[in-house]
Amino acid sequence: MDSDGQMRIDSLEAAWPNRHEYDLLLGYRVKRADGPYRCMMGRVGNSVSNMLLGRNITDINCGFKLFKKDLIHSLTLTSTGSSINFEILRLIFRNNPSLRMLQFPVIHYPRIAGRNTGGDPKVLYKLIAEGVKILFFPKKTDL
């Protein structure tokens, strides 16, 4: 989970009993405590990601994710920015197309620490550049 104070660990409580039944537990922010621009950018990012993944993930960049260790232990990741969530899920689903996934609501609070960088043009540029690299120039280990 993210460390900016916008989510609380107790949001995992309702999903926790399902951790043995599902391969992935993915949170999604309800009533996002972000401005309209951030919310719009999130909707666009989710739409594009879902189209490319062939999945319906409610909130790909929600920081609340729980993976079974064997799914991520051997992944070689290249992303160092916002596209890390897309890269992880793309590799996991590519290697295991029939995974069981549970999406659960996470209460989203106003930011109390850090600063919002998601709408920064440099961050968006890096996100697009990393996405292109992930999609069109995969490492040989990803093929």
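The values are calculated or read from the model by the stated rules, or taken from the named source; none is laboratory data. Worth saying up front: this structure is predicted, and the values here are computed from it rather than measured. Ideal geometry is used to build each Cβ from the backbone, glycine not excepted, and the neighbour counts take in all protein chains shown.
Pairs are defined by a Cβ separation below 9 Å, a sequence spacing of at least 6 or placement on different chains, a first member in the stretch 35-51 that is among the polar types (S, T, N, Q), and a second member that is surrounded by fewer than 11 Cβ atoms within 10 Å (Cβ to Cβ); the pairs so defined are 50/56.
Among the listed residues 37, 22, identify the single one that is out of contact with any Ser or Thr (no Cβ under 6 Å at 6 or more places or on another chain) and closer than 16 Å to residue 97 by Cα. Quick ask: steps written out before the conclusion?
Working: 37 fails: closer than 16 Å to residue 97 by Cα.
Residue meeting the stated conditions: 22.
Scanning the stretch 73-105 for residues that are β-branched (Val, Ile, Thr) and at pLDDT below 90 yields 76, 78, 80. Within the stretch 42-86, the set of residues being buried (at least 17 other Cβ atoms within 10 Å of the Cβ), of a type outside the set (S, T, N, Q) and over 21 Å from residue 22 (Cβ atoms) comprises 42, 45.
So for the stretch 11-24 (the condition being surrounded by fewer than 14 Cβ atoms within 10 Å (Cβ to Cβ), touching a residue at least 40 places away in the same chain (Cβ under 8 Å) and within 17 Å of residue 123 (Cβ to Cβ)), does at least one residue qualify? No.
On the basis of being farther than 22 Å from residue 135 by Cα, among the small types (Gly, Ala, Ser) and within 14 Å of the chain's Cα centre (by Cα), does residue 42 make the cut?
Values: farther than 22 Å from residue 135 by Cα: no; among the small types (Gly, Ala, Ser): yes; within 14 Å of the chain's Cα centre (by Cα): yes.
No; evaluated as a whole, the condition is false for this residue.
Scanning the stretch 107-125 for residues that are modelled with pLDDT under 80, over 25 Å from residue 25 (Cβ atoms) and either in a helix (DSSP H, G or I) or among the β-branched types (Val, Ile, Thr) (or both) turns up 117, 121, 123, 124, 125.
When the stretch 87-111 is filtered for residues that are in contact with a Phe, Trp or Tyr (Cβ under 7 Å, 6 or more places away or on another chain) and either polar (S, T, N, Q) or surrounded by fewer than 14 Cβ atoms within 10 Å (Cβ to Cβ) (or both), the ones remaining, listed by number, are 100, 103.
If we keep just the residues of the stretch 1-10 that are hydrophobic (A, V, I, L, M, F, W, C) and touching a residue at least 60 places away in the same chain (Cβ under 8 Å), which is surrounded by the fewest Cβ atoms within 10 Å (Cβ to Cβ)?
Here the residue is 1.
Go through the stretch 55-108 and report how many residues are hydroxyl-bearing (Ser, Thr, Tyr) and closer than 23 Å to residue 39 by Cα.
Of the residues in the stretch 55-108, 5 are hydroxyl-bearing (Ser, Thr, Tyr) and closer than 23 Å to residue 39 by Cα.
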